[in-house]
Amino acid sequence: MTVLDRYLAAASQPATTDQVPVFDEFAAADGTVREGWSSLLDSLDEFADTDLVQAQREVARLLEDDNVTYTPSPASTLSIADEPNGHGPSAAGTLNGLVEPQPWRLDPLPLILDDREWAGLEAGLVQRAELLDAIMADLYGARRLLSRHHIPAAAIFDHDEYLRPLVGSEAITRQRLFMIAADLGRDITGQWKVISDRTQAPSGAGYAMQNRRVVSRVIPEIYHQANLHRLTPFFQAMRLALVDAAPSSVEDPRVVVLSPGTHSETAFDQAFVASLLGFPLLEGSDLTVRDGRVWMRVLGKLDAVDVILRRVDSTWMDALELRPGSRLGVTGLMECVRQGTVSVLNNLGSGVLENPALLPFLPELTEQLLGQSLRLPSVETWWCGDEAALSHVLNNLDSVVIRPISRGHGRSVRGAALSSRQRELLVNKIKAAPHRFVGQEVLHLSSAPSSEEDRLVRRNVVLRSFAVRSGGSYIAMLGGLARVTDDNSKGRGVFVTEPNGQLAKDVWVVGSEPVAAPRIVARGRSGEEAGFVPAVSASIAMVPRVLSDLYWFGRYAERAEDLLRLVLATRTAAIETDLDVTHGHALEVLLQAVTHVSTTYPGFLNQGVDMMPEFRSLLLDRHRMGSAAQSLGALSMAAQGVRDQLSEDVWMVLADIERALAALAANPYDQGLQLTDASERVLSGLLALAGIATENMVRDPGWYMLDSGRGLERALQILALLRVTICRERAAETDRLVLEAVLTAAESIVTFRRRYGTRPGVDAVIELLVIDPFNPRSVAFQLQRIRTDLRALPNTSPTARPLRLLDALAERVRIADLATLAESTNGRRAPLEELLAGLQNQLRELSEAIRDQYQQPPPTQRPLFRTDAVGNTA
């Protein structure tokens with residue numbers, strides 16, 4: 001009996017007296033397999049029985065290779081059942097520090113739906129999008145629905161996302177709702193119901209496509225055998241709709257994706273969608289408003305922006321008119337929207353449509369606005385602003401979920417999960433402002449087979465489906481993002497928030513016949529068929545923030561690489577320390593060099609420090625400034641900020657680096673072998689990153705900035721290493737061993753031996769690593785490299801300060817006298833130390849000049865006045 005047979009047998013068992021029977025997505029009530037699954041049953045049987053555990057491991061590896069993450073949202077507001085005296089969870093305790101991104105979790109077994117059933121679901125979703133679009137147009141326009149009491153005014157006017165400054169704006173009422181998502185679940189009869197609408201800035205479409213890519217690689221035979229509807233047409237329609245949403249006077253629209261930043265909950269989703277659509281991913285500081293238009297800051301100039309696909313909540317979008325002090329949006333944006341010079345999608349203020357107080361009124365609103373019956377019902381919901389509904393909710397508190405109408409009024413809470421004291425507080429809050437709350441039925445969700453080690457278990461499933469504006473209506477994604485939660489078969493039920501830590505599933509909509517991909521037609525601004533995808537400005541967003549992230553990406557990569565080379569060279573010297581005293585003296589010099597170069601004080605300067613724990617700390621402790629681990633962590637963060645600019649291969653390399661370090665961390669008893677192996681694996685990964693940058697990146701301003709960062713860091717590392725190893729004269733044999741280790745760490749030992757033979761000498765080392773303009777590891781070579789990079793950047797004047805500093809550095813290196821530098825007086829080479837220290841200081845000055853010239857962020861905007869808690873201004 002296969003695992004699917006066992007699952008089918010278990011799902012077909014009648015519910016016991018303490019269980020609520022639920023709809024199963026795989027097994028019908030009569031013990032047969034449902035439509036959609038049946039055509040793939042044989043292949044799924046074989047897969048599930050033999051490869052289930054391996055498939056789970058492969059999925060985890062592929063997601064790790066692509067750095068697919070989700071950042072759980074901290075509890076930023078009090079639960080509506082918590083006491084406001086500090087005993088409940090408060091924002092202060094969760095927002096002081098950043099929440100670590102969590103790996104995305106995906107089940108290799110998809111959720112399969114028959115396309116005939118999906119057709120009804122799709123029609124309901126499209127109708128719902130049309131309905132919400134019509135509601136929004138009225139709420140910000142004529143407001144007849146409010147004046148005629150089809151929607152209670154209190155539920156709208158007390159909602160955080162109802163933006164009064166936009167009421168009556170023709171630009172808002174003319175702009176159609178761009179995209180919606182709906183969280184769906186089945187009840188015990190198999191009826192799909194909407195649990196919540198997502199209209200603010202719907203997330204998850206990128207995750208859905210990533211899920212599809214991973215699953216198709218893990219079970220390729222089943223994937224190609226299925227008559228599967230594809231997801232690509234949805235994103236094609238999305239891209240065309242974004243271009244078409246530009247103001248009518250614009251011929252070649254520039255579209256950007258606005259993100260809250262790399263610490264956003266769905267940062268991966270935002271970067272993935274931006275990359276997939278081919279639009280730059282920006283943050284609020286990358287944009288500015290001038291003369292009634294939105295502009296993008298690009299290397300000392302401004303480029304007009306016509307369409308903004310926002311992933312920032314509306315209330316944070318304009319510090320001037322909405323939330324003072326917000327740095328996530330663009331100050332002055334609201335006026336640009338009113339003037340119609342920029343299109344913001346989803347529409348500003350669309351978050352009001354997520355209001356659960358609307359759900360009880362949707363059937364009537366569908367009749368009023370569309371002249372149709374509501375095809376896709378919502379879960380049963382009672383708005384507490386209605387006296388009868390309030391009475392029902394309070395009398396049935398154990399069997400409902402209490403939801404606030406907007407986030408500012410608290411978080412959802414299950415009545416049955418509360419203590420008597422919490423119930424009392426909750427009831428008092430509801431009675432004090434009943435219009436701010438709804439009661440919602442607890443939906444006993446359907447179950448679906450989900451993998452857990454070598455077996456399949458029943459897990460509740462929630463489906464997020466998407467629809468995007470396309471021409472005169474909407475087009476739905478033929479699939480979606482499914483999430484499975486804990487089992488609710490004992491009658492507990494489930495209510496849905498965001499997918500914190502939940503297991504995702506790919507959603508397959510399959511047919512009985514091969515599926516032809518729909519044709520997405522590009523049309524001109526007048527509506528005629530264009531025959532091609534409209535051109536979008538190819539200008540890559542080389543804004544100061546992006547340039548800064550790429551610059552530091554290069555610097556941190558080089559910093560980690562150089563430190564690892566030094567650690568490996570020192571480890572090699574340590575292996576020979578038992579041979580004689582001379583080797584011991586050389587090792588002492590190298591160990592101190594590791595500490596000085598990395599600045600991880602006191603490190604090896606601390607007498608009696610144990611070598612192995614110190615080396616492990618350098619590789620594993622990300623909180624230790626100057627360690628290789630800290631540089632690698634900063635490298636990863638810099639990469640996150642420019643994800644849409646980097647090759648997917650970058651994430652594969654970074655994932656392999658993480659695996660190497662994780663293996664080392666898992667073995668605290670390693671005596672050095674695994675440390676050496678991990679160091680070599682990480683070094684190999686960093687070399688691969690350098691190769692990717694060289695071979696795969698377009699030679700645009702971002703590449704030149706990254707390369708200049710590498711060059712500057714390499715020069716600094718060489719100078720630091722030489723300064724602590726060759727500025728003092730030691731015994732001849734000790735000096736020879738130290739110089740060999742230095743040349744090995746500087747990846748120049750082969751060149752040295754070929755050029756100088758066995759002739760030792762500090763002068764030769766200085767010549768090769770400082771003065772030689774043809775050695776790719778020398779300081780002189782890095783100065784030429786940086787100059788070439790900076791000269792290639794747009795708007796770089798020949799007299800720019802960074803170039804003048806480079807000229808002074810190059811001249812100082814050129815006129816250096818080898819004989820004088822190598823001369824020792826009283827055991828010290830003072831001229832050499834002076835030169836190396838001077839070059840270090842000048843390079844640091846050069847780094848600051850590069851920052852000022854190319855990476856300077858705009859000044860932080862501050863409100864002219866502050867309002868305190870009681871409304872007084874200062």
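The values are calculated or read from the model by the stated rules, or taken from the named source; none is laboratory data. Just so you know, these numbers come straight off a predicted model, no measurement behind them. Counting neighbours? That spans all protein chains shown, and the Cβs are built from the backbone with ideal geometry, glycine included. Quick note on the areas: whole protein, heavy atoms, side chains included, nothing else; ligands and nucleic acids left out. Shrake-Rupley method; radii C 1.70, N 1.55, O 1.52, S 1.80 Å.
Would you confirm whether or not segment 708-724 contains a residue that is assigned by TED's automatic domain parsing to the domain that holds R804, open to solvent by 10 Å² or more (accessible area, probe 1.4 Å), in contact (Cβ under 8 Å) with a residue 40 or more places away in the chain and over 40 Å from the mean Cα position of the chain (by Cα)?
yes
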Legend entry - Hits in segment 670-697 (condition: β-branched (V, I, T) and either in contact with a Cys (Cβ under 8 Å, 6 or more places away or on another chain) or free of Cβ contacts under 8 Å to residues at least 60 places away in the same chain (or both)): I692, T694
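Tell me, which strands (runs of 3 or more DSSP E) lie completely within segment 163-261 with 2 or more residues that are open to solvent by 20 Å² or more (accessible area, probe 1.4 Å)? Outline the logic, then answer.
Values: elements: 179-186, 192-198, 255-258.
Output list reads 192-198.
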Inset, instruction - Determine which single condition A55 fails, assuming it passes every other condition in (1) of a type outside the set (V, I, T); (2) open to solvent by 60 Å² or more (accessible area, probe 1.4 Å); (3) at pLDDT 80 or above. - result: (2)
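Here is a yes/no grid of residues against (1) in the same structural domain as I172 (by TED's automatic domain parsing); (2) under 26 Å from the mean Cα position of the chain (by Cα); (3) part of a helix (DSSP H, G or I); (4) closer than 25 Å to L145 by Cα:
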position: A319; (1), (2), (3), (4): yes, yes, no, no
position: R327; (1), (2), (3), (4): yes, yes, no, no
position: L358; (1), (2), (3), (4): yes, no, yes, yes
position: T366; (1), (2), (3), (4): yes, no, yes, yes
position: L369; (1), (2), (3), (4): yes, no, yes, yes
position: L374; (1), (2), (3), (4): yes, no, no, yes
Inset, instruction - Quickly run through segment 763-794 and pick out the residues that are over 30 Å from V546 (Cα atoms) and either open to solvent by 70 Å² or more (accessible area, probe 1.4 Å) or in a helix (DSSP H, G or I) (or both). - result: D763, A764, V765, I766, E767, L768, L769, V770, I771, F774
Legend entry - Pairs where the first residue, in segment 726-745, is touching a residue at least 60 places away in the same chain (Cβ under 8 Å) and under 20 Å from E823 (Cβ atoms) and the second is among the small types (G, A, S) and part of a helix (DSSP H, G or I), C-beta under 6 Å, 6+ apart: T734/A586; V738/A586
Inset, instruction - Just one of (1) modelled with pLDDT under 75; (2) over 28 Å from R411 (Cβ atoms); (3) assigned to a loop (DSSP other than H, G, I, E, B); (4) of a type outside the set (A, V, I, L, M) trips up E35, so point out which. - result: (1)
Legend entry - Test: residue in segment 456-466 that is outside any strand (DSSP E or B) and either of a type in the set (S, T, Y) or out of contact with any strand residue (DSSP E or B) (no Cβ under 9 Å at 6 or more places or on another chain) (or both): no
Inset, instruction - List the number of the failed condition for D621; all other conditions in (1) modelled with pLDDT under 95; (2) open to solvent by 30 Å² or more (accessible area, probe 1.4 Å) hold. - result: (1)
Legend entry - Answer residue from segment 286-298, given it is touching a residue at least 40 places away in the same chain (Cβ under 8 Å) and in contact with a Ser or Thr (Cβ under 9 Å, 6 or more places away or on another chain) and is surrounded by the most Cβ atoms within 10 Å (Cβ to Cβ) among those: V294
Inset, instruction - Go through segment 415-454 and give me each residue that's part of a strand (DSSP E or B) and open to solvent by 30 Å² or more (accessible area, probe 1.4 Å). - result: E441, E452
Legend entry - Members of segment 727-762 that are more than 19 Å from A715 (Cα to Cα), among the aliphatic types (A, V, I, L, M) and in a helix (DSSP H, G or I): A732, L737, V738, V750
